[in-house]
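Participant: This is the structure I have questions about; it appears just below.
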Amino acid sequence: MDKFSRPLILFLVLAALSTLALAAESDSYTVKIAQDKFLGNYLVNQSNFTIYYYQNDSKALESSTCYDDCAVQWQPFYAAQLILPEELNRIDFGEITRTDGSKQTTFKGWPLYLYSKDNEPDEITGEGEEGLWHVVDPTNQPQMI
């Protein structure tokens, strides 16, 4: 190995390691933004499963209205420690305590859910279900009433 090959190999190894580190860092978010050509931007969890909100939840109740069979199909989403990309504002997130004592993460007041029929990352099969379930739009989320 000549004196020029060693620095080149070292440079390539360091470049590969830094690329892997950046990829690992971007996957460490507990909530991040995904994009669909029809729906635009929407929130997903760390595994790229779509996060939804339920239109029947309301600010007046200050809680989720999805329990029992509903909560089996639409699992409450909870992240004890949120790790967010720069595009998301921590102030938009909160948590509630459900009537069963469990915690649930909220976005702009809306309790968040995962859909049991989304079997693969990046699926959005729950969008528009019953006309009441929707993906969470980080820039244009409806005002909670």
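Participant: Can you spot a residue in the range 62-69 that is under 14 Å from residue 30 (Cα atoms) and either at pLDDT below 95 or surrounded by 14 or more Cβ atoms within 10 Å (Cβ to Cβ) (or both)?
Facilitator: Let us first name the residues in the range 62-69 that are under 14 Å from residue 30 (Cα atoms), namely none.
Within the range 62-69, not a single residue is under 14 Å from residue 30 (Cα atoms) and either at pLDDT below 95 or surrounded by 14 or more Cβ atoms within 10 Å (Cβ to Cβ) (or both).
Participant: Has the range 132-140 got at least one residue that is surrounded by fewer than 16 Cβ atoms within 10 Å (Cβ to Cβ) and modelled with pLDDT of 95 or more? It would help to see each step written out before you state the result.
Facilitator: Let us first name the residues in the range 132-140 that are surrounded by fewer than 16 Cβ atoms within 10 Å (Cβ to Cβ), namely 132, 139-140.
Checking which are modelled with pLDDT of 95 or more leaves us with 132.
Yes, that holds for at least one residue.
Participant: Could you look through the range 104-131, keep only residues that are among the hydroxyl-bearing types (Ser, Thr, Tyr), surrounded by 15 or more Cβ atoms within 10 Å (Cβ to Cβ) and touching a residue at least 24 places away in the same chain (Cβ under 8 Å), and pick out the one that is farthest from residue 51 (Cα to Cα)? Quick ask: steps written out before the conclusion?
Facilitator: Filtering the range 104-131 for residues among the hydroxyl-bearing types (Ser, Thr, Tyr) gives 105-106, 113, 115-116, 125.
Going one step further and asking which of them are surrounded by 15 or more Cβ atoms within 10 Å (Cβ to Cβ), we end up with 105-106, 113, 115.
Those left that are additionally touching a residue at least 24 places away in the same chain (Cβ under 8 Å): 105, 113, 115.
On the way: 105: 11, 113: 6, 115: 8 Å.
Result: 105.
Participant: All but one of (1) surrounded by 14 or more Cβ atoms within 10 Å (Cβ to Cβ); (2) farther than 22 Å from residue 132 by Cα; (3) among the small types (Gly, Ala, Ser) hold for residue 101; which doesn't?
Facilitator: Exception for residue 101: condition (1).
Participant: Okay, moving on. On the basis of being out of contact with any helix residue (DSSP H, G or I) (no Cβ under 8 Å at 6 or more places or on another chain), aliphatic (A, V, I, L, M), closer than 18 Å to residue 129 by Cβ and at pLDDT 95 or above, does residue 31 make the cut? Reasoning before the result, please.
Facilitator: Working: out of contact with any helix residue (DSSP H, G or I) (no Cβ under 8 Å at 6 or more places or on another chain): yes; aliphatic (A, V, I, L, M): yes; closer than 18 Å to residue 129 by Cβ: no; at pLDDT 95 or above: yes.
Against the criterion (out of contact with any helix residue (DSSP H, G or I) (no Cβ under 8 Å at 6 or more places or on another chain), aliphatic (A, V, I, L, M), closer than 18 Å to residue 129 by Cβ and at pLDDT 95 or above), residue 31 does not qualify.
The values are calculated or read from the model by the stated rules, or taken from the named source; none is laboratory data. Remember, predicted model here, so these are calculated numbers, not experimental data. Neighbour counts run over all protein chains shown; Cβ positions are idealised from the backbone, glycine included.
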